[in-house]
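Undergrad: I'd like to ask you about the structure that follows.
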Amino acid sequence: MPEGLIVKALSGYYYVKPAGAGSGETIQCRGRGVFKKKGITPLVGDRVIYEPTENGEGTVTEILPRVTELIRPPVANASLAVLLFSLREPDMNLQLLDKFLVHIENEGLDTLICLTKQDLLTDEDKADELTKQVSELYSSIGYEVIITSSRTGAGTDQVLSRLAGGISVFSGQSGVGKSSLLNAMLPGLSLETSAISLRLGRGKHTTRHVELIELGNGGYVADTPGFSQLDFLELGVERLSECFREFVPYAAECKFRGCSHLHEPGCKVLQAVEEKRIASSRYEHYVQFYEEMKDKKRRY
Ligand code: GDP
Ligand code: ZN
């Protein structure tokens with residue numbers, strides 16, 4: 001029986017792109033009856049086996065094993081999270097950036113950081129300094145960083161080629177330029193973008209369905225706000241330091257097992273912070289998130 005990829009899920013239907021089919025060719029499918037009984041939900045991004053039915057539609061009969069599975073957004077087999085942060089409008093917020101990174105690390109996805117709206121930086125902003133600082137910090141930790149502008153087209157080809165061959169999710173606060181970057185990468189696509197003033201304080205309209213956008217280079221992007229709910233409810237406090245990837249080699253050498261890296265003697269993370277081998281901004285955010293998590297625990 002034929003194999004395909006679920007590229008869209010909407011109102012109980014799954015739109016399956018047959019393996020090897022051209023772009024835009026999909027078959028509207030229902031899930032097999034037994035899925036419901038077993039509590040199996042096909043997700044966008046699932047590779048599936050389907051059975052064509054007489055009316056040109058089909059039935060998804062089997063879901064092939066998933067490599068990754070995200071809950072919010074509900075996407076299977078995503079391998080890369082593209083994290084967008086604008087340099088201006090809204091201004092760079094490293095604490096929020098680190099929070100997104102913790103969530104992505106926890107999901108086990110690769111990360112690409114895009115610093116967007118480069119064209120908005122002027123000389124008065126000491127533009128180069130900000131861009132350089134942020135991109136050097138995160139590159140030194142081991143993250144890939146691309147500086148982009150949807151206005152000038154800077155960096156867009158580079159992002160597009162990084163997305164080839166896999167499924168990616170675009171993440172970032174509302175208004176950072178996710179839709180604009182996708183539109184800039186894909187002439188012909190026209191996702192709705194809106195002026196930030198309309199959105200501030202109101203939150204983004206929620207996406208009702210998830211859909212994969214085909215990039216033409218074997219890559220797909222899930223067009224969803226992604227990781228929108230950034231609370232730490234699902235993450236145990238003991239996992240937090242693992243989500244700061246540059247802490248890991250030091251944490252392994254701490255004197256005490258289960259070291260919180262807050263005040264313990266013989267803590268190698270603290271020592272690395274003192275010796276400036278771990279950036280102070282990253283450590284400060286670790287402490288803030290740690291306390292936030294402890295607080296939450298107390299309240300629930
Ligand atoms: P999203 O909410 O992340 O999808 O953000 P949008 O793509 O809707 O963009 C939000 C606002 O920022 C819109 O007014 C865009 O025109 C603007 N914007 C997006 N990218 C850029 C950029 O590279 N440069 C400039 N100057 N403005 C941008
Ligand atoms: Zn420690």
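We did not get these values from a lab; they are worked out from the coordinates using the rules stated. Treat the numbers as computed from the prediction; the structure is a model and nothing was measured. No Cβ is skipped: glycine too gets one built from the backbone with ideal geometry, and neighbour counts run over all protein chains shown.
Undergrad: Say the cut-off is 26 Å between C-alpha atoms; which of 8/297; 132/178; 8/38 go over it? Provide the component values of the computation, followed by the final result.
TA: Details: 8/297 36 Å; 132/178 22 Å; 8/38 22 Å.
Listed pairs above 26 Å: 8/297.
Undergrad: Nearest 5 percent is fine: what portion of the DSSP beta bridges confined to the chain is antiparallel? Present the calculation step by step, with values, prior to reporting the outcome.
TA: Values: 24 of 48 bridges.
The antiparallel proportion sits near 50 percent.
Undergrad: GNM, the chain, Cα, under 10 Å: largest mean-square fluctuation among 263, 285, 103?
TA: Taking springs between Cα atoms under 10 Å, the residue moving most is 263.
Undergrad: If I build a Gaussian network model for the chain, linking alpha-carbon pairs within less than 10 angstrom, which residue out of 168, 150, 281 has the largest mean-square fluctuation?
TA: 281
Undergrad: If you don't mind, there's one more thing I want to ask. For residue 27, list long-range residues whose amide hydrogen, built 1.01 Å from N in the peptide plane, is under 5 Å from its own amide hydrogen.
TA: Amide H neighbours of residue 27, under 5 Å, 5+ apart: 16, 17.
Undergrad: Mind giving me the nanometre distance, one decimal, between the label points for residue 55 and residue 284, set 7 Å out from Cα along Cα→Cβ?
TA: Result: 6.0 nm between the two label points.
Undergrad: Straight-line reach from residue 268: which lysines have a Cα under 20 Å away, not including same-chain ones fewer than 8 places off?
TA: The reachable lysines, counting only those whose Cα sits under 20 Å from residue 268, are 255, 276.
Undergrad: If you split all Cα-Cα distances of the chain into 20 Å bins from zero, what percentages do you get per bin, shortest first?
TA: The distribution over the chain is 30, 53, 17, 0, given as percents.
Undergrad: Quick one: 71, 6, 104, fewest Cβ neighbours within 10 Å first, how do they rank?
TA: On the way: 71 10, 6 27, 104 24.
The most exposed by this proxy come first: 71, 104, 6.
Undergrad: Return the long-range amide H neighbours of residue 69 (sequence gap of 5 or more, or a different chain), with a cut-off of under 5 Å between placed amide H atoms.
TA: Residues meeting the amide H criterion: 77.
Undergrad: What Cys residues in the chain are without a partner cysteine, judged by a Cβ distance under 4.7 Å?
TA: 29, 114, 243, 267 - these cysteines have no disulfide-compatible partner (Cβ-Cβ under 4.7 Å) in the chain.
Undergrad: Also: Amide H of residue 222: which non-local residues (sequence gap of 5 or more, or other chain) have their own amide H closer than 5 Å, using H built in the peptide plane?
TA: The list, which skips near neighbours in sequence, is 168, 169, 170, 213.
Undergrad: Can you compute the helix-only [θ] at 222 nm over the chain? Use -39500 (n - 2.57) per DSSP H run of at least 4 residues, normalise by all residues, nearest 500 deg cm²/dmol.
TA: Details: 8 runs with 81 residues, N = 300.
The helix-only estimate for the chain comes to -8000 deg cm²/dmol at 222 nm.
Undergrad: Starting from a Cα-only point model with no solvent, please compute log10 I(q)/I(0) by Debye for region 1-117 at q = 0.09, 0.15, 0.17, 0.23 1/Å.
TA: Listed by q, the Debye log ratios stand at -0.34, -0.74, -0.85, -1.20.
Undergrad: Give the Rg (one decimal place) followed by the Dmax (whole number) of region 3-63, computed from C-alpha coordinates and expressed in Å.
TA: For region 3-63, the Cα-based Rg and Dmax read 10.5, 34 Å.
Undergrad: Could you pull out the longest piece of the chain with no exposed loop GluC sites (Glu not before Pro) in it, calling a site exposed if DSSP puts it outside H, G, I, E, B and it has at most 13 other Cβ atoms within 10 Å? If you can, show how the numbers build up before the last one.
TA: On the way: sites that count: 25, 54, 192, 234, 253, 275.
The answer is 55-191.
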